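The structure appears below as structure tokens.
The values are calculated or read from the model by the stated rules, or taken from the named source; none is laboratory data. A quick note: this is a predicted structure, and the numbers were derived from the prediction, not measured. Note: ideal-geometry Cβ built from the backbone for every residue, glycine included; neighbour counts use all protein chains shown.
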């Protein structure tokens with residue numbers, strides 16, 4: 001993922017900027033660069049590869065100054081080359097760095113070319129810097145030129161720009177892509193991630209959507225989308241709370257369950273606009289979406305369950321056939337590859353041995369292209385896949401995956417809608433789906449409010465040895481995931497079945513000692529699922545039902561009801577995952593097992 005760092009101070013900022021880029025290396029990138037605005041002009045160094053290549057350039061040709069901007073790039077428009085690396089310039093005095101995707105860059109590029117601008121890169125970013133340069137011809141104030149330019153842009157972005165004529169300030173802005181201001185003493189900063197600035201400050205202002213900020217050594221002035229000055233609070237970074245600290249939580253798993261609203265929002269940010277999925281988020285070759293006629297998803301474990309959910313979404317929304325397979329099976333069989341098939345891999349670590357082997361096999365099978373959905377930008381899977389969509393879940397320490405799973409589902413939902421758009425999904429339907437996605441973090445937060453209730457329910461599992469999970473449609477893979485979580489950390493033997501298969505064998509297991517956990521979506525399968533539940537009740541089974549109130553289900557003699565927020569049907573698999581995670585966690589605590597490091601299991605399966 002791209003990274004931004006900007007600084008203005010009374011000292012040389014070049015080392016501050018380079019250190020900031022180094023702290024962003026965990027995000028993944030393919031090139032980097034810095035622009036320094038000093039007395040002689042605006043000068044830059046850019047390099048392909050690791051930040052070390054940029055450091056080597058600075059060692060050979062130092063650039064000193066008290067104001068500058070810097071960037072690490074993850075290619076979207078244009079391959080990783082020095083010309084495509086940021087910062088981008090217009091003329092000799094203006095430079096800009098940019099995260100995000102400008103949707104209308106082609107139209108703007110044509111307009112600028114007609115006015116005589118020459119483009120040196122393949123990026124959408126260069127459009128922005130030329131637009132600002134053009135505005136400065138009639139409006140010499142940098143702030144107003146930036147504001148006028150932003151009004152012409154469609155898409156998601158965070159930018160920082162320096163102009164040689166402005167020796168005492170630089171300007172930055174955000175819309176749909178994160179940007180934070182770092183506050184110092186006689187020096188101020190901006191960055192796409194506060195971790196980039198922890199070597200110089202622990203005080204931050206989080207910009208809101210549409211904010212434009214004027215940054216000087218002594219002051220930070222923020223303007224909202226209407227151009228009105230705004231006061232934003234300063235937050236102090238807590239250095240003691242990070243991925244390796246459980247904070248207020250007893251276990252990492254619980255901490256990571258509660259991080260899901262935040263990380264789902266991070267997964268969505270920069271990938272959707274107000275009413276559209278930004279299809280260019282898949283990278284420079286996003287045109288592949290138009291050619292997709294089939295999808296093969298290959299993964300292991302929890303990631304496999306995420307793929308099974310995506311099958312329902314892709315076939316329902318896009319009408320494109322989708323096959324989902326366990327990687328360890330795929331790699332050892334002869335595979336028939338239909339024409340124009342997208343090969344999609346899922347892995348939390350990006351180092352899963354079977355999934356990597358499947359990817360390498362797929363590259364020889366004539367697929368349209370390969371896409372990896374992964375949480376680790378520097379992983380082998382990401383490096384070896386043609387295209388990548390990062391889940392942005394952050395470090396997940398608990399072996400039983402929680403936030404990595406729900407962010408995978410979020411990324412798969414983005415992918416499903418993106419394919420559907422290219423297959424004729426209406427603008428109205430796309431807009432409705434995007435609005436639903438925007439609500440997802442709030443729905444997940446609402447589901448977390450059932451924690452105390454679920455903790456009480458978990459006591460009923462203290463002496464249980466077996467459990468059965470039921471689901472229909474896209475909720476069947478969630479039943480599989482719920483069963484996996486329970487067996488992973490509580491060591492209770494758990495199985496999952498499509499509810500319609502109940503009479504075809506599993507019903508023989510039902511008695512008063514077998515908990516039946518059922519996820520009840522509110523769709524056209526509701527009545528059929530209620531019939532399945534009656535079959536369980538008639539045989540003395542104890543039902544644990546997760547549903548919203550509108551299903552008219554409630555506590556009865558043989559039903560223990562847990563309320564789940566009522567959400568749009570497309571979001572139900574993600575939201576219903578939360579109470580199952582909480583149930584598994586609390587049952588494991590009751591059982592006294594090692595929640596974060598269950599026996600016999602590893603976080604990343606890097607061997608066959």
- Task: Could you please find all residues in segment 113-125 being under 30 Å from residue 39 (Cβ atoms) and not in a loop (DSSP other than H, G, I, E, B)?
- Result: 125
- Item | So residue 34, is it in contact with a helix residue (DSSP H, G or I) (Cβ under 9 Å, 6 or more places away or on another chain) and either buried (at least 24 other Cβ atoms within 10 Å of the Cβ) or farther than 24 Å from residue 186 by Cβ (or both) | yes
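Could you run through segment 390-406 and say how many residues are part of a helix (DSSP H, G or I) and either farther than 26 Å from residue 600 by Cβ or in contact with a strand residue (DSSP E or B) (Cβ under 8 Å, 6 or more places away or on another chain) (or both)?
0
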- Query: Based on what the data block shows, is residue 139 at pLDDT below 95 and either under 32 Å from the mean Cα position of the chain (by Cα) or within 21 Å of residue 4 (Cβ to Cβ) (or both)?
  - Reply: no
- Item | The one condition in (1) crowded, with 18+ Cβ neighbours inside 10 Å; (2) farther than 24 Å from residue 146 by Cα that residue 17 fails to fulfil | (2)
- Test for residue 156: is it within 27 Å of residue 82 (Cα to Cα), within 31 Å of the chain's Cα centre (by Cα) and touching a residue at least 60 places away in the same chain (Cβ under 8 Å): yes
- Item | Residue match in segment 29-38 (condition: touching a strand residue (DSSP E or B) at 6+ places or on another chain (Cβ under 8 Å), touching a residue at least 40 places away in the same chain (Cβ under 8 Å), in the same structural domain as residue 70 (by TED's automatic domain parsing) and not in a strand (DSSP E or B)) | yes
- Message: For segment 190-237, give me each residue that is assigned to a helix (DSSP H, G or I) and in contact with a strand residue (DSSP E or B) (Cβ under 9 Å, 6 or more places away or on another chain).
- Response: 194, 196, 197
- Before we move on, is residue 77 modelled with pLDDT of 95 or more and closer than 22 Å to residue 91 by Cα? no
- Go through segment 455-482 and count every residue that is in contact with a strand residue (DSSP E or B) (Cβ under 9 Å, 6 or more places away or on another chain) and within 18 Å of residue 592 (Cβ to Cβ). 6
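Which of the residues that make up segment 87-104 are under 15 Å from residue 154 (Cα atoms) and crowded, with 21+ Cβ neighbours inside 10 Å?
Selection gives 98, 99, 100, 101, 102.
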